[in-house]
Amino acid sequence: MLNFKEARKNKGLSQADVAIALDVAIPTYNRYEKGQRECSYSTLLQLSAIFGCTVDYLLGNAPAQTAASPTLATAEAAALKKYRQLTPTGRSQLDTYLDFLLSQESASAIKRKTAT
């Protein structure tokens, strides 16, 4: 028996929330949840990350347990270490700067897309 519905409800998510996160139609996710449609392994991995549980739990093969935290790349671990050394003000400034960088990259991507 699949545990998609239980895992989704434990996270306080609607079917629409999960469908959007998976980039599928709501009826498609509904069929996954009811076992009327099989999903790919990559979709199972996405669901596992969304719900914070193991794939085995989703498939009904194991009791509820949280998934292991993903392993960080060396550069990510170093950035996290530096972030944790910042004061709350420094963290706020970094968050603001990261938002700025992301908006710049997004604007550049839109320009590239419209130029083609």
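The values are calculated or read from the model by the stated rules, or taken from the named source; none is laboratory data. Small disclaimer: the values here were computed from a predicted structure and weren't measured. A quick note on method: Cβ atoms are made from the backbone with ideal geometry, for glycine too, and the neighbour counts reach across all protein chains shown.
Run LEU59 past the list (1) modelled with pLDDT under 90; (2) over 15 Å from the mean Cα position of the chain (by Cα); (3) not polar (S, T, N, Q) and report the number of the one that doesn't hold.
LEU59 satisfies every listed condition except (1).
For residues in region 1-47 being closer than 18 Å to TYR57 by Cβ and among the charged types (D, E, K, R), which is surrounded by the most Cβ atoms within 10 Å (Cβ to Cβ)?
Top of the filtered list is GLU33.
Restricting attention to region 62-105, report how many residues are aromatic (Phe, Trp, Tyr) and either modelled with pLDDT of 90 or more or under 28 Å from LYS9 (Cα atoms) (or both).
The first filter runs over region 62-105 and keeps only residues aromatic (Phe, Trp, Tyr), leaving 83, 97, 100.
Checking which are either modelled with pLDDT of 90 or more or under 28 Å from LYS9 (Cα atoms) (or both) leaves us with 97, 100.
Residues in region 62-105 being aromatic (Phe, Trp, Tyr) and either modelled with pLDDT of 90 or more or under 28 Å from LYS9 (Cα atoms) (or both): 2 in total.
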